[in-house]
Ligand SMILES: [Fe+2]
């Protein structure tokens, strides 16, 4: 403070703005706001980065419960973006689709171990509990105001285009776009992944299944986008299978 009782002219060390009032913090350097202070210490580069970190932390928590679900979630989030870019270039819409697909199975955190980790097939009562995971995930993520559209994708990710899915039996455009794109990618990843009871099928096998269910399980426009991006997705699936084979052979 100078002799006139005013702070000497000072500038924010991050954004360079002249400080017109008491600095937010002055610890060797001065900053005008919490935001600028956090940026310089790399706590968060931006609010969006903070939510990305939150989403990744949540999916990593799911990964700790069941590793394969965590890996699958990360893959389908990336692969769904390949289709989503064909429908919108709005970064906010893309961001919500990414979060919604990354966290689609987050509600499985609330499913008991005896069901989630069961090696054999589920009984009817166990299926009833398993089918609560979209609503459990929705209730968890819809508490975050920045992720409400993503939460809606989570709620609808087990719906089917023809209305035969759950929890609400929604059909057609009543299912959010992100969930309709996710359904195709989820099938592609599931069909081409190894299961305890069978080896993963080829990309061609999965493609035939997806085309067969165009207009029933899957939105025709989502299947058309799949066909248009076939070569990109084929490379991504081959890379997934290669990585999995490397992991198995290194054990
Ligand atoms: Fe699911």
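What follows is calculated from the coordinates using simple rules that are stated; it is not laboratory data. Quantities reported herein were computed from a predicted structural model and do not represent experimental measurements. Using ideal geometry, Cβ is built from the backbone for each residue, glycine included, and neighbour counts are taken over all protein chains shown.
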Residue 198 versus residue 60, label points 7 Å from Cα toward the beta carbon: distance in nm?
-> 3.5
Which whole number of Å³ per residue matches the convex hull of the alpha-carbon atoms in the stretch 47-250?
-> 126
Calculate, in nm to one decimal, what residue 115 and residue 135 gain on full extension: separation in residues at 0.36 nm each, minus their alpha carbon distance.
-> 5.5 nm
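At a Förster radius of 30 Å, what calculated FRET efficiency corresponds to the Cβ-Cβ distance of residue 50 and residue 229, to the nearest 0.05?
0.45
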If the chain between residue 208 and residue 17 were fully stretched, how many nm would it gain, using 0.36 nm times the residue separation less the Cα-Cα distance?
-> 62.9 nm
Any idea how far the Cα center of the stretch 86-138 sits from the one of the stretch 49-67, in Å?
-> 13
